[in-house]
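Q: Supplied in structure tokens, the structure appears directly below.
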Amino acid sequence: MTPLTRVALTCVPDYLSVWLRFGRPLWEDVPEDRSRCVYFPPGAIFARVEHRADGRQRLAVLRAAGPGERVVCLEGIAPGAQLLLHATTTAKTAQALNAIAAIEAQRIPPEDVSEDYWCVLHQRLVAGVALPVYAAAEHAAMLRRKALQP
């Protein structure tokens, strides 16, 4: 059996809200009223957003890892995942969310975007320089490369 990555999502009014910004979970479990868990297969890309009552936000774009792959341990994600992008301030989170919206405006599902793009976007956010645009032509080229891989 292939191990799945479990992502806990929660909503505690006036304190914390954690939700999935994008991703295609295999299934969902609702253990409590204020929380749910979604499960991703290895290789799936997803984004998780945290919003705290004081207005702080964080965003992580992650890749569910397979057996033997290195992972980063983040609260609410078991057994961990590969971190592609991590926006830890509200301003950087807003920039990353705008980049995701621009991708969706081109009718490209963010979970299908190249892993390399998310890593470059992360580095640009950290450096504080202009963010790269993910164009439909770049996406088409990535899909052609994937089709050629065995």
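Q: Using only alpha carbon pairs under 8 Å that are at least six residues apart, calculate the relative contact order of the chain and give it in whole percent.
A: Values: 268 pairs, mean separation 27.7, N = 150.
That works out to 18 percent.
Q: Alpha carbons only, please: Rg and Dmax for the stretch 5-148, in angstrom.
A: In order Rg, Dmax, the Cα atoms of the stretch 5-148 give 15.3, 49 Å.
Q: Using Cα pairs under 8 angstrom and six or more residues apart, how large is the relative contact order of the stretch 3-52, in percent? Please list the in-between numbers first.
A: On the way: 95 pairs, mean separation 23.2, N = 50.
Once normalised by length, the contact order is 46 percent.
Q: Only Cα pairs within less than 10 Å get springs; with that Gaussian network setup on the chain, which residue of 59, 16, 125 has the largest fluctuation?
A: Most flexible of the set in this elastic network: 16.
Q: So how do 78-86, 109-117 stack up, highest first, on mean other-Cβ count within 10 Å? Let's see the in-between values first.
A: Working: 78-86: 18.9, 109-117: 16.6.
Result, highest mean first: 78-86, 109-117.
Q: Pairs of Cα atoms under 8 Å, at least six residues apart: use those to get the relative contact order of the stretch 84-150, whole percent. Before the final figure, lay out each step's value.
A: Details: 37 pairs, mean separation 23.3, N = 67.
With pairs under 8 Å counted, the relative contact order is 35 percent.
Q: How would you rank 36, 52, going from fewest to most other Cβ atoms within 10 Å of each one's own Cβ? Intermediate values should be presented prior to the final figure.
A: Details: 36 18, 52 13.
By the 10 Å Cβ count, ascending: 52, 36.
Here, each number is a calculation from the coordinates, and none is a lab measurement. Since this is a predicted model, take the numbers as computed values, not measurements. Don't worry about glycine lacking a Cβ; one is built from the backbone with ideal geometry, like all the others, and counts go over all protein chains shown.
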